[in-house]
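Below: one structure, written as structure tokens.
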Amino acid sequence: MQQLSIWEAETFYAPQDIVIVGAGFSGLWAALHLKQKYPSKKITVIERGATPAGASGRNAGFACFGSLTEILSDIETMGADKALQLINWRFEGLKIIRQHFNDIEFDYHNTGGYELLTNDDPIEKLSYVNGLLYNITNATETFVQKDGYIDEWGFANVTHVLENRFEGALHPGKLLNALLYKVIAMDVQVMFGTELKSFDESNDDIKLHISDKRTLSAQQLVFCTNAFTKSLLPEIAVVPARGQVLLTEPITGLKLNGVFHYNEGFYYFRNLDGRILLGGARNTSIETEYTLDAFTTLPIQQALEDFLSKVILPGQQVAIQQRWAGIMAMGPDKSPVLKQLTERSFCSVRLSGMGVALAPMMGKMLAEMM
């Protein structure tokens, strides 16, 4: 192991007040809120990859908080109170993003969100859910039926379309960059290529054993490792879940505009600069997608292409330009895990594929907790 210089020991590897593990949305929002609360504290974010390795930079770029069928499913599995609390956190999280950044900085467009339905059952519960959401969105109708879009946008095998004007699209890479620049400007240190191997907590501090057999010491440690939590915190109920995406070649005359949901959010797509960005289909092969392997697979990609040709662009043959995958974190239900683990350690993990919207609020609540 190369020995530290006096300069490195007094800067990069100096004792820290707080070390945050993970430089995705969770870690960077935690750093921002903690630095706002404790401006004089030394805070370092460590990230094992050259860039954030999870879902933060690999998602579809949706600024959303839940489609009607997803909300109905969550109410059934979690109960109305927990489901509404989760929606409120997402809704408030999206507002926090726009409080800190200009829309241009992260390519935010308030396109509206749309859900494609294949039967009448969810429509029968539309007024019920709109009533529940009134105290969150302050709108009498968060979801509005807009079936005219079926023909206008050329969908097939769709019975109804719902519109949610509070949703939009963004560029997650640009948002990550904006967050990174902001926390660095606030005097937060960010160390990429730095993996936490193990840690030891004592009465005085926490020793972090990191890459190259080096150590960092901190008074407090925060895990924002989401899908990668299990290797460091095996007791936390987190299951990695792969989300696969494809991007078509440019499509002449593409009319649709917005972020779109289908089947409880298991399918999602948007118009990205005249191309269709389509992701999901995890429900067609759930067991194979509980993995940390961030590569695409033929069965899921075929399911996405089938959906593209049968629902979004019926009868059209479209070339695929790019494919990729990201790793989300799931659990027994969609509630995030935000808690104190020991006297000096905390975690904010398991954002269930909603990290864009949830992470700002989780960071805020974490700062309040610490």
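Heavy-atom accessible area with a 1.4 Å probe sorts M362, M369, M330, largest first, into M369, M330, M362.
Remind me, what semi-axes does the stretch 1-89 give for its equivalent ellipsoid, largest first in whole Å, using sqrt of 5 times each Cα gyration tensor eigenvalue? Please list the in-between numbers first.
On the way: eigenvalues 293, 54, 21 Å².
Working from the Cα gyration tensor, I get semi-axes of 38, 16, 10 Å.
Dipole orientation for the chain: of the candidates T225, P240, L72, T225 has the Cα lying most toward the positive pole (charges on Cβ; Lys, Arg +1; Asp, Glu -1). D151 contributes an accessible area of around 140 Å² to the protein surface, as traced by a 1.4 Å probe with all chains present.
Accessible area of Y38 (1.4 Å probe, protein heavy atoms only, ligands and nucleic acids ignored): about 60 Å². With a Förster radius of 35 Å applied to the C-beta separation of H109 and S198, the computed FRET efficiency comes to 0.20.
Over all directions, the projected convex hull of the C-alpha atoms in the stretch 95-246 averages 14.5 nm² in area.
Label-to-label distance, E368 versus E76, with points set 7 angstrom from Cα along the beta-carbon direction: 3.2 nm.
How much net charge surrounds D200 when only the other residues with a Cβ under 12 Å from the Cβ of D200 are counted, with Lys and Arg +1 and Asp and Glu -1?
Details: positive: K197, K207, R344; negative: E201, D204, D205.
For residues surrounding D200, the net value is 0.
Averaging Cα coordinates gives a centre for the stretch 210-278 and one for the stretch 279-295; these two points are 12 Å apart. Only protein heavy atoms count here; under a 1.4 Å probe, W89 has an accessible surface of about 50 Å². In the chain, carbon and sulfur make up what percent of the accessible area (probe 1.4 Å)? Roughly 49 percent of what the probe reaches on the chain is carbon or sulfur.
If I take R0 = 41 Å and measure r between the Cβ atoms of A237 and D151 in this structure, what FRET efficiency does the formula 1/(1 + (r/R0)^6) give, to the nearest 0.05? Let's see the in-between values first.
Numbers: r = 45 Å, r/R0 = 1.10.
Calculated transfer efficiency: 0.35.
For the chain, divide the Cα radius of gyration by the Kirkwood radius and give the resulting Rg/Rh value with two decimals. Using Cα coordinates only, the ratio equals 0.99. Treating the angle as unsigned and between 0 and 90°, give the value, to the nearest 10°, between the Cα long axis of helix 80-100 and the longest Cα principal axis of the chain. It is inclined by approximately 70 degrees.
Largest first, the residues F192, F91 sort by 1.4 Å accessible area into F192, F91. The simple Förster model, with R0 at 30 Å and r as the Cβ-Cβ distance, assigns E249 and T296 a FRET efficiency of 0.95.
The values are calculated or read from the model by the stated rules, or taken from the named source; none is laboratory data. In this text the structure is predicted, and so the values were computed from the model without any measurement. Virtual Cβ from ideal backbone geometry, glycine too; neighbours counted across all protein chains shown. Remember, those area values only see protein heavy atoms, side chains included, never the ligands or the DNA or RNA. Shrake-Rupley method; radii C 1.70, N 1.55, O 1.52, S 1.80 Å.
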